[in-house]
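Inspection log for the structure reproduced underneath, given as structure tokens.
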Amino acid sequence: MVPELSPAGSTMKPLMGTEEAIIDAKGRLLLSKKKRDRLGDSFVIAVGHPGCLAIYPETVWNGMLADIMQYESINDGRQQFTRLVLGLAEDELRCDGQGRVVVPQKLRELAKLTKEVLIIGCGERAEIWAREEWEKYNENPDTYGQQRRNAIAKALGQMKGTA
């Protein structure tokens, strides 16, 4: 659904595996060393297509931005796509010395993150899911978050001129 995310020729190691984690009262999330290493020094957290959060390494995010920005700024699809994806993103995030990142409150609320979360490696990105929402998603992945997914697909099609 999203334009090509990996920069051409990238040798980035994919984000893989599932980890259980806790978001503390201050909104801090501990990332494993392996995931931190693969995310790099600076990364982006955005709302993912079904409503979870997606963490992108800066290089992947920049590739995504380059793909989006090739379309005219007056392109209605681009405008809607950027509202849905970029408008809810936080960039230049970093882990503290203990490997924690503060997940912005607006993103925690949108993804219904309270305490127990799962961090799921998905190649060019990792997803952060509230445990309960992950279970709901797995009950019926074809319909979970359908309204958001449809809106993003429609905007992407308009942007690319395929809708």
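A quick yes/no check of all residues on (1) within 13 Å of Phe43 (Cβ to Cβ); (2) surrounded by 18 or more Cβ atoms within 10 Å (Cβ to Cβ); (3) hydrophobic (A, V, I, L, M, F, W, C):
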site	(1), (2), (3)
Val101	yes, yes, yes
Leu110	no, no, yes
Arg125	yes, yes, no
Ile128	yes, yes, yes
Glu133	no, yes, no
The range 11-24: number of residues that are farther than 17 Å from Arg131 by Cβ and either within 15 Å of the chain's Cα centre (by Cα) or surrounded by fewer than 14 Cβ atoms within 10 Å (Cβ to Cβ) (or both): 5
Residues (acidic (Asp, Glu) and over 18 Å from Ala111 (Cα atoms)) located in the range 63-93: Asp67, Glu72, Asp76, Glu92
Matching residues, the range 37-64, being charged (D, E, K, R) and either within 28 Å of Lys136 (Cβ to Cβ) or in contact with a strand residue (DSSP E or B) (Cβ under 9 Å, 6 or more places away or on another chain) (or both): Arg38, Glu58
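Residue-wise test of (1) exposed (fewer than 15 other Cβ atoms within 10 Å of the Cβ); (2) in contact with a Ser or Thr (Cβ under 9 Å, 6 or more places away or on another chain); (3) over 15 Å from Ile152 (Cα atoms); (4) touching a residue at least 24 places away in the same chain (Cβ under 8 Å).
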position: Leu30; (1), (2), (3), (4): no, no, yes, yes
position: Lys33; (1), (2), (3), (4): yes, no, yes, yes
position: Gly48; (1), (2), (3), (4): no, no, no, yes
position: Val85; (1), (2), (3), (4): no, no, no, yes
position: Gly97; (1), (2), (3), (4): yes, no, yes, no
position: Gln105; (1), (2), (3), (4): yes, no, yes, yes
position: Ile120; (1), (2), (3), (4): no, yes, yes, yes
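Just so you know, all these numbers are worked out from the coordinates, no wet-lab data involved. From a predicted model like this one, the values you see are computed outputs, not experimental measurements. Glycine gets a Cβ as well: all are built from the backbone with ideal geometry, and neighbour counts include every protein chain shown.
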